[in-house]
Amino acid sequence: MLDVINKYSMVTKPGIIFGNLISAAAGFFLASGGHIDTARLLPTLGGIALVIASGCVFNNLIDRDLDRRMSRTCNRVLARGVMSPKEALFYASLLGIAGMALLRWATNILSLAIVLTGFTVYVVFYSLCMKRNSALSTLFGSLAGAAPPLAGYCAVSNRFDMGALIVLLIFGLWQMPHSYAIAIFHHKDYAAAAIPVLPVKKGIGTAKKHVVGYMLAFIVATLLLPLAGYAGNRYLAVVLAINLSWLYTAWSGYKTLDDRLWAKRLFVSSIAAITILSIMMSMDAVSPLSQMLVAAAP
């Protein structure tokens, strides 16, 4: 029984689900501006989790031949043949339908459309079409990764406003150096599987330049929240500090003698940066509408 539970759990990539739920909650709290609708929060996160789980099962199904060639993925459920492709297809479809239904009931059409778009980009454009053929697949993957926080935000706001655009930029840009860190750390695996990620196709030196470039753009995007009135000074101080720390880690890559060790540090730093940012978005969220009402009060 435990083996069955473990099989159905691991094929959904629980770590990815958990990380995305933190960002989805941050988007929800940011749009709430301190006024949390708990009755909407839980089903929103539940629906997003189910759709992410569905996308991960589809990804495992599509990538099972590639996974067998990589040491870090060769023990995945579908790569080992523990779950049949038909079983995985049914399971993924069931998760996706349940998640979409829950989101339609708990949120709004905009939030549902964002999640559906992210799912389509991840499964169809990234996993099925781009991953085996182009280094641009990472960019498509970053758009899918930004969908959960954006959906969380729009579940509350029900509109694509400046705050939604900033959330899209922050989480989309963060995905790029994070993904390149993984690709550099597992460079041999990606090369063995002939996956044309940037460090394999253009070299690690080029990837380092892209890491720093995307990170600088990410830092600018994170500063837009307080500038636009969506976050306060506590957010600004903490996020600025963690951004500079992450940037220092990235910059040290130009001097390192061990690219693999550096990439591992960069990966850990990226997780710390986005987690702390998500927490500060949640704790120091300011509703611009509330600010305007306070300013207009006699």
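The values are calculated or read from the model by the stated rules, or taken from the named source; none is laboratory data. Because the structure is predicted, anything quoted here is derived from the model rather than measured. Every residue, glycine as well, gets a Cβ built from its backbone with ideal geometry; the counts of neighbours run over all protein chains shown.
Listing for the model above:
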read-out	value
Whichever residue in segment 28-47 is of a type in the set (A, V, I, L, M) and touching a residue at least 24 places away in the same chain (Cβ under 8 Å) and, among such residues, is farthest from Ala164 (Cα to Cα)	Leu45
Scan of segment 204-261 for residues that are within 19 Å of Ala164 (Cα to Cα) and touching a residue at least 60 places away in the same chain (Cβ under 8 Å), ordered by number	Leu225, Ala228, Gly229, Tyr230, Ala231
Scan of segment 1-15 for residues that are in contact with a helix residue (DSSP H, G or I) (Cβ under 6 Å, 6 or more places away or on another chain) and either in a helix (DSSP H, G or I) or of a type in the set (Ser, Thr, Tyr) (or both), ordered by number	Thr12
Selection within segment 15-27 - farther than 13 Å from Ala155 by Cα and in contact (Cβ under 8 Å) with a residue 24 or more places away in the chain	Ile16, Ile17, Gly19, Asn20, Leu21, Ile22, Ser23
Members of segment 121-137 that are surrounded by fewer than 16 Cβ atoms within 10 Å (Cβ to Cβ), in a helix (DSSP H, G or I) and within 18 Å of the chain's Cα centre (by Cα)	Val124
Meets criteria (in contact with an Asp or Glu (Cβ under 9 Å, 6 or more places away or on another chain), free of Cβ contacts under 8 Å to residues at least 60 places away in the same chain and under 28 Å from Ile170 (Cα atoms)) for Asn60	yes
Segments classed as helices (runs of 4 or more DSSP H), wholly inside segment 138-215, with at least 1 members that are modelled with pLDDT of 95 or more and under 14 Å from the mean Cα position of the chain (by Cα)	147-157, 162-185
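Each row is one residue, and each column tells you yes or no for (1) buried (at least 19 other Cβ atoms within 10 Å of the Cβ); (2) closer than 17 Å to Val286 by Cα; (3) of a type in the set (A, V, I, L, M); (4) modelled with pLDDT of 95 or more.
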| site | (1), (2), (3), (4) |
| --- | --- |
| Met1 | no, no, yes, no |
| Ile5 | no, no, yes, no |
| Ser9 | no, no, no, no |
| Asn20 | yes, no, no, yes |
| Ala26 | yes, yes, yes, yes |
| Gly34 | no, yes, no, no |
| Thr38 | no, no, no, no |
| Leu45 | yes, no, yes, yes |
| Ala49 | yes, no, yes, yes |
